[in-house]
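J.: Pasting a structure below so you can have a look.
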Amino acid sequence: MQGRRILLLTLVGFVSFLSGGWLLQRGASRAGNVYEQARLFDDVLGYVADYYVDSIGVTQLYDLAIDGLLEQLETGNYGGLGIRIDVRDGWITIIAPIVGTPAEDAGLETGDRIVGVDGESTFGWKSDQAVSELRGPPGTEVQITVARPGFRENLEFTIERALIHVNAIQLATLLEDDVGYVSLVGSSVSEALARELEAEVERLVDEGASALILDVRRNPGGLLDAGVDVSDLFLDPGQSIVSTRGRARGMSELYRAEDRQRWPGLAVVVLVDGGTASASEIIAGAWQDHDRALIIGTPTFGKGQVQTVFRLGHVQALRLTTARWYTPSGRTIQRPRARTPAEALMVTRVEEPEAAPEPDSSQVYQTDAGRIVVGGGGIRPDLLVRPDTLTDPEKEFLQALGSQLQVYRDVMTTYALELKAQETITDPDFAVTPVMRAELHRRLAQRGVELPEGVLRGAQLLMDQHLSYEVQRYVFGRESESRRRIRDDVQVQQAL
């Protein structure tokens, strides 16, 4: 998009140096002698003093620099197979192959157990060890031994590693009442997202969608320009999307929509939560301020800072926080003293998500239509809907499982894989039967998980749900499992 000054704005969680900036180096140890390094440090202090978004005293800068010596940064590209894995019953189990990757091309399937890698048994491996062994330089090969439900003999695969591109769109489907649903849950806002989202929305509209749910829960964001491009899809030319405000000259800028929106009559709901951060907050904030979408869920994370790269010689550069983001109505996206992105993404169904700070009544803003929105950091939904939480009997059940939780999961997976091999479940809308429930209880007892009858009875609905998801995944596939989860998702149902 012309007129948009493209800076390197990396907006996902990172380890910071000098409280908001860090030094990018290649071969720094060979970059020169100690005097050159001292001059480099002087340059860094100068940039921070002049451009950093907040004013910091020199003494504090030196203290922060000392702290920075203790931080180690590492990054790199790697090749892989393109599979999501987990440990089940002591074995590495494929949750799902990623579309268009070597794993899918080779014929690996959901439910396959990787029992060997390059001739070595994987029994007892942890997930991180499996990831380490399966990764490698693109173009290299790895030999995989797979045990597949319904096959007596193990299967052998020789697969060439490749750079893996994971689509930001996890699911795009038509739900009831002609509502399109697009999930960006757990992915990111990448450069290609606007193009991919445009294609998927167009397909859903062609299939009859008259409304859209965009799910950006647990989405940590991405590039500022990518967030602007996605926002542009549903706004009219000239409407503001986000502004950056910094202390130094040239650090403040206003981003506006440039292209005419293609679906002005398409009603939109955006689902957000405490894991919705950075570029995904740009989207939610812009559409909310222009009354283009209704925001449903819980308050977002609150991460809106601009990172700018300053060159320091031929091999080094400094990345520094130079500005903060503001929504069209003037609300700051950055939340003071926010949780780390890792903490925000650890919200599970087991616990109620951490409550956001109370809104500051002095920071009141208005949307284009005059609706009241409150500032203070993050995006506060128009309709607060908390996710489903566990009942007291369900919490008691999980506490009773304790260290045997992994055994519980293993039993679920093993049973689901056997049902897949038996081909006895043929209807995706199946219900967990009393026979299935009794068999699950029997298998748990056989593995040493013996709980009081009252505890099992109190958790019956939860166990039925867990088993139904597991069977749905391994028998009918990941997308079918997602559809079933949507039916049980109170926030999605409220959006509908």
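The values are calculated or read from the model by the stated rules, or taken from the named source; none is laboratory data. Note that the structure is predicted; figures quoted are calculated from it, not measured. Neighbour counts run over all protein chains shown; Cβ positions are idealised from the backbone, glycine included. Remember, those area values only see protein heavy atoms, side chains included, never the ligands or the DNA or RNA. Shrake-Rupley method; radii C 1.70, N 1.55, O 1.52, S 1.80 Å.
J.: If I filter the range 165-177 for residues that are among the charged types (D, E, K, R) and surrounded by 13 or more Cβ atoms within 10 Å (Cβ to Cβ), do I get at least one hit? Step through it out loud before you land on a result.
T.: Let us first name the residues in the range 165-177 that are among the charged types (D, E, K, R), namely 176-177.
Restricting the remaining residues to those that are surrounded by 13 or more Cβ atoms within 10 Å (Cβ to Cβ) gives none.
No, the range 165-177 contains no residue that is among the charged types (D, E, K, R) and surrounded by 13 or more Cβ atoms within 10 Å (Cβ to Cβ).
J.: Let me ask something additional. When residues of the range 466-475 are filtered for being more than 23 Å from the chain's Cα centre (by Cα) and open to solvent by 10 Å² or more (accessible area, probe 1.4 Å), how many remain?
T.: Residues flagged as more than 23 Å from the chain's Cα centre (by Cα) and open to solvent by 10 Å² or more (accessible area, probe 1.4 Å) within the range 466-475 amount to 1.
J.: Restricting attention to the range 145-159, does a residue exist that is in contact with a Pro (Cβ under 8 Å, 6 or more places away or on another chain) and surrounded by 12 or more Cβ atoms within 10 Å (Cβ to Cβ)? Working first, answer last.
T.: Keep residues of the range 145-159 that are in contact with a Pro (Cβ under 8 Å, 6 or more places away or on another chain), which gives 159.
Among the residues that remain, those that are also surrounded by 12 or more Cβ atoms within 10 Å (Cβ to Cβ) are: 159.
Yes: one or more hits.
J.: Could you list all residues from the range 88-134 that are aliphatic (A, V, I, L, M), touching a helix residue (DSSP H, G or I) at 6+ places or on another chain (Cβ under 9 Å) and in a strand (DSSP E or B)?
T.: Scanning the range 88-134 gives I92, I94, I95, A96, I114, V117.
J.: Then there is this: Which one of Q404, Q494 is under 30 Å from E176 (Cα atoms) and in a helix (DSSP H, G or I)?
T.: Q494
J.: May I ask you to list the residues in the range 476-486 that are in a helix (DSSP H, G or I) and open to solvent by less than 40 Å² (accessible area, probe 1.4 Å)?
T.: S480, E481, S482, R484, I486
J.: What do you reckon, is G227 out of contact with any Cys (no Cβ under 6 Å at 6 or more places or on another chain), under 19 Å from R483 (Cβ atoms) and open to solvent by less than 10 Å² (accessible area, probe 1.4 Å)?
T.: no
J.: Let me ask something else about it. Would you check if R386 is at pLDDT 90 or above, out of contact with any Ser or Thr (no Cβ under 7 Å at 6 or more places or on another chain), outside any helix (DSSP H, G or I) and closer than 27 Å to R218 by Cα?
T.: no
J.: Being in a loop (DSSP other than H, G, I, E, B) and at pLDDT below 95 is the filter here; which residues of the range 277-300 pass it?
T.: Of everything in the range 277-300, those that are in a loop (DSSP other than H, G, I, E, B) and at pLDDT below 95 turn out to be A277, S278, T298, P299, T300.
J.: Scanning for something farther than 20 Å from P264 by Cβ, among the acidic types (D, E) and not in a helix (DSSP H, G or I), does the range 192-212 turn up at least one residue?
T.: The answer is no, given that none of the residues of the range 192-212 is farther than 20 Å from P264 by Cβ, among the acidic types (D, E) and not in a helix (DSSP H, G or I).
J.: Could I ask something else about it? Only one of (1) buried (at least 21 other Cβ atoms within 10 Å of the Cβ); (2) touching a strand residue (DSSP E or B) at 6+ places or on another chain (Cβ under 6 Å) fails for N219. Which number is that?
T.: Against the list (1) buried (at least 21 other Cβ atoms within 10 Å of the Cβ); (2) touching a strand residue (DSSP E or B) at 6+ places or on another chain (Cβ under 6 Å), N219 comes up short only on (2).
J.: Tell me whether the range 201-208 contains one or more residues that are under 22 Å from the mean Cα position of the chain (by Cα), under 30 Å from R84 (Cβ atoms) and surrounded by fewer than 20 Cβ atoms within 10 Å (Cβ to Cβ).
T.: no
J.: Report every pair of residues separated by at least 6 positions or lying on different chains whose Cβ atoms are under 6 Å apart, first residue within the range 473-488 and among the small types (G, A, S), second part of a helix (DSSP H, G or I).
T.: Note: pairs meeting the criteria are S480/Q472.
J.: Still on this structure, I have one more. Before we move on, is E470 part of a loop (DSSP other than H, G, I, E, B), closer than 17 Å to Q406 by Cβ, among the charged types (D, E, K, R) and in contact with a helix residue (DSSP H, G or I) (Cβ under 9 Å, 6 or more places away or on another chain)?
T.: Considered against the rule, which asks whether it is part of a loop (DSSP other than H, G, I, E, B), closer than 17 Å to Q406 by Cβ, among the charged types (D, E, K, R) and in contact with a helix residue (DSSP H, G or I) (Cβ under 9 Å, 6 or more places away or on another chain), E470 comes out as no.
J.: Same structure again: Do we find that D105 is under 19 Å from T158 (Cα atoms), surrounded by fewer than 20 Cβ atoms within 10 Å (Cβ to Cβ) and in contact with an Asp or Glu (Cβ under 8 Å, 6 or more places away or on another chain) in this structure?
T.: no
J.: Let me ask something else about it. How many residues does the range 245-276 hold that are in a loop (DSSP other than H, G, I, E, B) and either surrounded by 14 or more Cβ atoms within 10 Å (Cβ to Cβ) or modelled with pLDDT of 90 or more (or both)?
T.: Of the residues in that region, 18 qualify.
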